[in-house]
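Working notes, structure below.
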Amino acid sequence: MTTKLLFQDPAAFASPLLTVFAVDTATGKDEPAAPALLTASEALAKAAAPWLASGEFKATLGETLLLHSPSGLKAERLLIVGLGKAKALSVHEVRKGAGVAVRFAKPRGLRELSIVFPEDKALPGSLTARTLAEGALVADFDIDIYRSDRKDQSVDMVTVLHVETNERSLAEMQTGFAEGIILGESQNFARTLVNEPGNILTPTELGKRTAAMCAEFGLQCEVHSIDKILELKMGAFAAVTQGSVEPPALIVMRYEPATPPAADTPVIGLVGKGITFDTGGISIKPAENMDKMKYDMAGAAAMIGAMRAIAQLMPNVRVVSVVCSCENMPDGKAFKPGDVITAMSGKTIEILNTDAEGRLVLADGLHYAQQLGATRLINAATLTGAIGVALGLLNAGLFSNDDATVEQFTNALPISGEKFWRMPCTDDYREQIRSQIADIMNTGGSRYGGATTAAMFLKEFVGETPWIHLDIAGTAWIDEVKPWQSKGPSGVAVRSITEWVRSYAS
Ligand code: BES
Ligand code: ZN
Ligand code: ZN
């Protein structure tokens, strides 16, 4: 999809589908809806006036109204998209609104559409431009690439139109728009990886696609085989992969800024869980919904997507990313409950459940990232079913050992629009993973607080380094289709991690 931002009068722009946003300006609880367009264009206001007055369109978020041959406009159709209550308006509704327009066009065979840039005091120009691009791109993604009857329903071109004359505002909006394209495309890159089935996206294939992306965007990349994993004494990662005939991949990406950052700038380490299929291993999962476990590499995909965005946004901060990718399979050679393994850090781990494999590969990934120089760590992982039980499917879980790092991450969220909720990860929970046999065990003695137990396990491998763990098991795959987004992989965390990394730039 090509996306453009043009500074032209929308009324005079020829388009198969021109989209304009509307909000409900009614404030009282029982007051009837009072929709108003978010544009200063009088021609547009005139074309829409009779329909807005009719009361049939209430401008709720995602609501649409289509007018054919709108009078006084060059466009063939006018689509009015509701963004909800005026007083609750933010750029996040705009992101969704742009998505609604694209997903309205897709099934109708409309390959081109235009969107009127929304104008409101609640909408800063640059960030609004960015969310329009993000929303349009994210909405174009669908999960049906292996369907023979799939008609290529992608939208080819989205043009955003704004009448603006101030040179500085123009430049800011173009910058924001360009960032939105990078972020939206990188989020979709991650989603494409997550959508791939386990037989196609093996660890080897994940390595190849990551290397190709890195070559395209100028990142350093190394994809290591089992030999290196054994040489590094990554005993936890090696234990998980040993039951699979598919070779594992230890993927290392590096972003080096053009000029050296200030001496006190941290080196950021991004670590991803890249289990391309999780059967549970010897502690095998039930058959129901096991197909979904192809998405157990969504944490890795989030990091690869973030690195893709970072490479293009070029912040003045060093970033290293470690992805530990393998399958978790039952086999004669598979690791077993009761086994004791030694992680790269030297800690011994008693295996109680081979389905708690994500924390094992991350333990070695987090340790290795520090060896490679990382002084701030973040990891993302579809780590526990328990996080969905605790938080539902809206917020991802956030765990950390450092308040300042959490604050810096949280500051990125009003920009990314993603939702993370902090969960406890204090030392009084450590008791849950204490083992009689080894230094620690890989699951807790009880099923209560399972997401925190997993986080406490990871915490054992980060030492004093400020660290954030994102448990995205409940949010990386969306079963419900939204008017602005397909069902399937969400690409969650790509935008937030990228923004957080940028916040460290010197
Ligand atoms: N990949 C799963 C986590 C998961 C579960 C993601 C459900 C999405 C949906 C992880 O490897 C796992 O199996 N975790 C176990 C941990 C348990 C054995 C302590 C879980 O959550 O059940
Ligand atoms: Zn598992
Ligand atoms: Zn898993």
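So the values come out like this:
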| quantity | calculated |
| --- | --- |
| Residues that are among the hydroxyl-bearing types (Ser, Thr, Tyr), within 10 Å of residue 386 (Cβ to Cβ) and outside any helix (DSSP H, G or I), drawn from the range 426-461 | 448 |
| Residue in the range 288-302 that is crowded, with 24+ Cβ neighbours inside 10 Å and among the polar types (S, T, N, Q) present | no |
| Failed condition for residue 285, given (1) under 22 Å from residue 396 (Cβ atoms); (2) assigned to a strand (DSSP E or B); (3) within 16 Å of ligand 2 (Cβ to nearest atom) | (2) |
| Residue count, the range 319-371 (criterion: away from ligand 2 (no atom under 16 Å from the Cβ) and basic (Lys, Arg)) | 2 |
| Some residue of the range 370-382 being within 15 Å of ligand 3 (Cβ to nearest atom), touching a Ser or Thr at 6+ places or on another chain (Cβ under 9 Å), of a type in the set (Ser, Thr, Tyr) and more than 23 Å from residue 191 (Cα to Cα) | no |
| Residue satisfying all of: in the range 238-267; crowded, with 24+ Cβ neighbours inside 10 Å and among the hydrophobic types (A, V, I, L, M, F, W, C); farthest from residue 205 (Cα to Cα) among these | 239 |
| Qualifying residue in the range 233-240 (condition: in a loop (DSSP other than H, G, I, E, B), at pLDDT 95 or above and away from ligand 3 (no atom under 16 Å from the Cβ)) | yes |
| Selection from the range 372-391 of residues that are over 17 Å from the mean Cα position of the chain (by Cα), of a type in the set (Gly, Ala, Ser) and either within 16 Å of ligand 1 (Cβ to nearest atom) or within 30 Å of residue 285 (Cα to Cα) (or both) | 385, 386, 390 |
| Residues within the range 350-371 that are closer than 24 Å to residue 321 by Cβ and within 15 Å of ligand 1 (Cβ to nearest atom), tallied | 9 |
| Test: residue in the range 412-419 that is in contact with a His (Cβ under 9 Å, 6 or more places away or on another chain), assigned to a loop (DSSP other than H, G, I, E, B) and more than 30 Å from residue 96 (Cβ to Cβ) | no |
| Positions within the range 288-316 being within 16 Å of ligand 2 (Cβ to nearest atom) and in a helix (DSSP H, G or I), in sequence order | 290, 291, 292, 293, 294, 295, 296, 297, 298, 299, 300 |
| Which numbered condition residue 415 misses (of (1) over 29 Å from residue 134 (Cα atoms); (2) touching a residue at least 24 places away in the same chain (Cβ under 8 Å)) | (1) |
| Qualifying residue in the range 398-415 (condition: among the aliphatic types (A, V, I, L, M), in contact with a helix residue (DSSP H, G or I) (Cβ under 8 Å, 6 or more places away or on another chain) and within 16 Å of ligand 1 (Cβ to nearest atom)) | no |
| Among the candidates 345, 325, residue that is assigned by the TED database to the domain that holds residue 378, touching a helix residue (DSSP H, G or I) at 6+ places or on another chain (Cβ under 9 Å), within 15 Å of residue 362 (Cα to Cα) and away from ligand 1 (no atom under 14 Å from the Cβ) | 345 |
| Any hit, the range 202-214, residues being in the same structural domain as residue 380 (by the TED database) and under 28 Å from residue 5 (Cβ atoms) | yes |
| Qualifying positions in the range 321-367 - charged (D, E, K, R), within 16 Å of ligand 3 (Cβ to nearest atom) and surrounded by fewer than 21 Cβ atoms within 10 Å (Cβ to Cβ) | 355 |
| Residue list for the range 372-389, filter: touching an Asp or Glu at 6+ places or on another chain (Cβ under 9 Å) and away from ligand 2 (no atom under 16 Å from the Cβ) | 376 |
| Single residue of the range 180-194 satisfying the filter (surrounded by fewer than 24 Cβ atoms within 10 Å (Cβ to Cβ) and not aromatic (Phe, Trp, Tyr)) that is nearest to residue 92 (Cα to Cα) | 181 |
| Boolean, residue 233 is within 16 Å of ligand 1 (Cβ to nearest atom), surrounded by fewer than 20 Cβ atoms within 10 Å (Cβ to Cβ), assigned by the TED database to the domain that holds residue 476 and basic (Lys, Arg) | no |
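The values are calculated or read from the model by the stated rules, or taken from the named source; none is laboratory data. Since this is a predicted model, take the numbers as computed values, not measurements. Because the Cβ atoms are built from the backbone with ideal geometry, glycine has one as well, and the counts that use them run over all protein chains shown.
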